[in-house]
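Trainee: Below: one structure in structure tokens.
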Amino acid sequence: MTGRAAALLRSAGMRHGLIMAGATLLAGGMDYVFQVFTGRQLAPAEYGVFIAVTALLQVVVYLTNSIRNVVAFYTAELTTAEQALAQVGLFVRRSWRWAWRWGLVSFLAAVLVSPLLANWLQIPTFWPLLAASLTVLLLFLRPVTDGALQGVQFFGGLGVVQVSQALLRLLLGGALVLAGWQAFGAILALPLAMGGGLLLARWLLRPQWGAESVGLPGRGVSWNYSLLTLAGLLFFALIINLDAIVVKRLFSPEVAGSYGPVVTLGKMNLFIPLAMGQVLFPKVTQRQATGRDARPILLAALAATMLPGLLLTAVYAAFPGPLVQGIFGAAYADPGRVLPVVGLATTLFAGLNIWLNYALSAERPAFVYALGVVLLGQVMGLFVWHETLLQVALVILAAGLVGNVAGALTTLGRYPAGGQA
């Protein structure tokens with residue numbers, strides 16, 4: 001299998017992986033510049049508000065990423081059908097109308113619960129959550145265009161969209177923060193930037209959007225698969241963001257603010273994994289459809305995602321205080337062992353992302369169920385051990401370790417239907 005994995009790394013998958021890794025690193029780099037800038041401009045307590053609301057949005061991101069995965073899954077299948085361009089266009093337009101309808105419903109619901117969430121998270125004003133509500137609408141629309149670009153494997157266009165959105169967020173968010181809009185301005189920059197990325201993605205998809213599809217029956221969507229995707233992404237989103245939400249809820253504003261840089265640095269370990277997951281998904285789907293073994297792609301993706309995270313974790317372990325205070329300023333406390341533990345946890349979460357993308361693209365539900373059990377264990381662990389930030393970090397580290405073991409046990413030994421060993 002090693003030789004086959006090496007051959008795959010020299011294939012189009014490697015080129016696509018490099019494109020998405022480069023775009024994700026560039027976009028993520030600008031996002032981190034923005035977060036560091038925000039952390040330096042805002043007081044720790046205000047930065048804690050920004051981090052907590054961002055963590056909530058990340059949960060919604062992964063929930064709505066189920067739309068992206070479903071669109072990518074069926075788009076990838078339709079690229080192998082007769083009249084592929086027209087079939088893809090019809091499916092994407094139907095998905096777009098669905099996203100507008102439910103995006104508006106979700107936006108109104110988010111506005112209504114904003115005051116309650118502000119009170120629960122100890123946020124003095126609900127304006128940051130109102131800004132986040134606008135993001136919810138965009139989080140229904142963007143996954144349709146992203147999923148279509150991913151499904152047709154137009155990774156260059158998808159990368160340009162991601163980089164453009166990050167650049168807009170950096171410029172607009174920086175201007176709003178400097179104008180004194182505090183956490184509200186920092187959060188408002190996200191939906192504004194997403195709107196720009198959405199317009200660009202629509203323009204890139206104009207061949208599919210304008211394709212003639214009169215007389216085509218259209219492709220139906222399996223609700224079982226959609227719900228499985230939704231559950232898997234929800235479990236993953238909560239696993240990787242629960243610590244920031246728990247810290248904001250249970251600790252003082254000052255302690256929650258000091259945990260913000262740890263969250264920000266720790267999430268760097270997810271840059272490459274998120275890119276590799278987007279490349280992995282449609283390729284496994286296509287190999288599954290043709291009865292070929294997709295496990296070599298899985299193993300190559302795991303190797304490409306885990307090593308960078310381990311290297312970053314080693315840096316975190318060597319220089320936790322200088323890193324945080326040098327990047328974010330002297331107002332933030334030395335995180336000590338908390339930073340490398342969170343770094344190692346997010347490296348393991350990177351593996352969970354790969355296992356999840358493989359399980360969803362190859363239609364292997366066992367890992368999704370296992371991920372739900374891991375989440376339940378993490379919630380129970382945080383309920384019992386949350387007296388210190390280190391205890392919180394150790395609980396999420398345990399969840400990452402158990403989740404990767406579950407990935408190997410539930411998916412590694414199973415071949416796609418009709419596949420060859």
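The values are calculated or read from the model by the stated rules, or taken from the named source; none is laboratory data. Just so it is clear, the structure is predicted and the values come from calculations on it, not from any experiment. Note that we place each Cβ from the backbone using ideal geometry, even for glycine, and neighbour counts take in every protein chain shown.
Trainee: Can you tell which of Val247, Val263, Val279 is hydrophobic (A, V, I, L, M, F, W, C), modelled with pLDDT under 85 and at negative phi? Break it down stepwise before answering.
Mentor: Values: Val247 fails: modelled with pLDDT under 85; Val263 fails: modelled with pLDDT under 85.
Unique residue meeting the criteria: Val279.
Trainee: Here's a check for you: in region 333-349, which residue that is more than 21 Å from the chain's Cα centre (by Cα) and among the hydrophobic types (A, V, I, L, M, F, W, C) is surrounded by the most Cβ atoms within 10 Å (Cβ to Cβ)?
Mentor: Val338
Trainee: Scan region 357-404 residue by residue and report those that are within 13 Å of Gly232 (Cα to Cα) and modelled with pLDDT under 90.
Mentor: Asn357, Tyr358, Ala359, Leu360, Ser361, Glu363, Arg364, Pro365
Trainee: While we're on this one: Out of region 158-192, which residues are assigned to a helix (DSSP H, G or I), surrounded by fewer than 21 Cβ atoms within 10 Å (Cβ to Cβ) and either on the phi > 0 side of the Ramachandran plot or free of Cβ contacts under 8 Å to residues at least 60 places away in the same chain (or both)?
Mentor: Within region 158-192, Ser164, Leu168, Leu171, Leu172, Ala175, Leu176, Leu192 meet the criteria.
Trainee: Are any residues in region 30-68 under 20 Å from Gln122 (Cα atoms), touching a Pro at 6+ places or on another chain (Cβ under 7 Å) and of a type in the set (A, V, I, L, M, F, W, C), and if so, which ones?
Mentor: Once the filter is applied, which keeps residues that are under 20 Å from Gln122 (Cα atoms), touching a Pro at 6+ places or on another chain (Cβ under 7 Å) and of a type in the set (A, V, I, L, M, F, W, C), region 30-68 yields Ala45, Val49, Val53.
Trainee: List, please: which pairs have Cβ atoms under 7 Å, are six or more places apart or on different chains, and start with a residue in region 330-358 that is outside any helix (DSSP H, G or I) and end with one that is surrounded by 24 or more Cβ atoms within 10 Å (Cβ to Cβ) and not hydrophobic (A, V, I, L, M, F, W, C)?
Mentor: Tyr332/Ser258; Tyr332/Pro261; Ala333/Ser258
Trainee: Check whether at least one residue in region 200-221 is farther than 18 Å from Ser95 by Cβ and without any contact (Cβ under 8 Å) to a residue 24 or more places away in the chain, and report yes or no.
Mentor: Yes, region 200-221 has at least one match.
Trainee: Just the residues that are closer than 22 Å to Phe251 by Cα and either within 23 Å of the chain's Cα centre (by Cα) or of a type in the set (Lys, Arg) (or both), please, taken from region 93-146.
Mentor: Ser114, Leu117, Leu121, Pro128, Leu129
Trainee: Going by the conditions given, is Val160 over 18 Å from Tyr62 (Cα atoms) and over 20 Å from the mean Cα position of the chain (by Cα)?
Mentor: Criteria not met by Val160.
Trainee: Sticking with this structure for a sec: Would you check if Thr305 is touching a Pro at 6+ places or on another chain (Cβ under 6 Å), at pLDDT 80 or above and buried (at least 17 other Cβ atoms within 10 Å of the Cβ)?
Mentor: Against the criterion (touching a Pro at 6+ places or on another chain (Cβ under 6 Å), at pLDDT 80 or above and buried (at least 17 other Cβ atoms within 10 Å of the Cβ)), Thr305 does not qualify.
Trainee: For region 205-213, does any single residue satisfy the condition of being at pLDDT 85 or above and not in a helix (DSSP H, G or I)?
Mentor: Within region 205-213, one or more residues are at pLDDT 85 or above and not in a helix (DSSP H, G or I).
Trainee: Going by the conditions given, is Val60 surrounded by 24 or more Cβ atoms within 10 Å (Cβ to Cβ), of a type in the set (Val, Ile, Thr) and assigned to a helix (DSSP H, G or I)?
Mentor: Working: surrounded by 24 or more Cβ atoms within 10 Å (Cβ to Cβ): no; of a type in the set (Val, Ile, Thr): yes; assigned to a helix (DSSP H, G or I): yes.
Criteria not met by Val60.
Trainee: Which ones in region 124-135 are of a type in the set (A, V, I, L, M) and crowded, with 22+ Cβ neighbours inside 10 Å?
Mentor: Listed by number, the residues that qualify are Leu129, Ala131, Ala132.
Trainee: Test of understanding: among Leu299, Leu270, which residue is under 30 Å from Glu387 (Cβ atoms), modelled with pLDDT under 80, aliphatic (A, V, I, L, M) and part of a helix (DSSP H, G or I)? Give the steps one after another, and end with the answer.
Mentor: Numbers: Leu299 fails: under 30 Å from Glu387 (Cβ atoms).
After applying the criteria, what remains is Leu270.
Trainee: Hey, can you tell me all the residues within region 240-263 that are part of a helix (DSSP H, G or I) and among the hydroxyl-bearing types (Ser, Thr, Tyr)?
Mentor: Result: Ser258, Tyr259.
Trainee: Let me ask you something else. Checking Leu116 against (1) touching a Ser or Thr at 6+ places or on another chain (Cβ under 7 Å); (2) surrounded by fewer than 19 Cβ atoms within 10 Å (Cβ to Cβ), which test does it fail?
Mentor: Leu116 satisfies all of (1) touching a Ser or Thr at 6+ places or on another chain (Cβ under 7 Å); (2) surrounded by fewer than 19 Cβ atoms within 10 Å (Cβ to Cβ) except (1).
Trainee: Can you tell me which residues in region 311-332 are farther than 23 Å from Gln41 by Cα, exposed (fewer than 14 other Cβ atoms within 10 Å of the Cβ) and at pLDDT below 90?
Mentor: Across region 311-332, the qualifying residue is only Leu311.
Per-residue answers, yes or no, for (1) within 20 Å of Leu170 (Cβ to Cβ); (2) touching a residue at least 12 places away in the same chain (Cβ under 8 Å); (3) buried (at least 16 other Cβ atoms within 10 Å of the Cβ):
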residue	(1), (2), (3)
Tyr47	yes, yes, yes
Ile67	no, yes, yes
Tyr74	no, yes, yes
Ala86	no, yes, yes
Trp100	no, yes, no
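Trainee: Check off (1) over 26 Å from Leu360 (Cβ atoms); (2) surrounded by fewer than 19 Cβ atoms within 10 Å (Cβ to Cβ) for Arg202 and give me the number that stays unchecked.
Mentor: The one condition Arg202 does not meet is (1).
Trainee: Is it true that Phe91 is touching a Ser or Thr at 6+ places or on another chain (Cβ under 9 Å), closer than 14 Å to Ala211 by Cα and buried (at least 24 other Cβ atoms within 10 Å of the Cβ)?
Mentor: Yes: the conditions hold for Phe91.
Trainee: Has region 288-296 got any residue that is modelled with pLDDT under 75 and touching a Leu at 6+ places or on another chain (Cβ under 6 Å)?
Mentor: Within region 288-296, one or more residues are modelled with pLDDT under 75 and touching a Leu at 6+ places or on another chain (Cβ under 6 Å).
Trainee: Might you check whether a residue that is at pLDDT below 85, among the hydrophobic types (A, V, I, L, M, F, W, C) and closer than 25 Å to Ser226 by Cβ occurs anywhere in region 100-120?
Mentor: No; the residues of region 100-120 include none that is at pLDDT below 85, among the hydrophobic types (A, V, I, L, M, F, W, C) and closer than 25 Å to Ser226 by Cβ.
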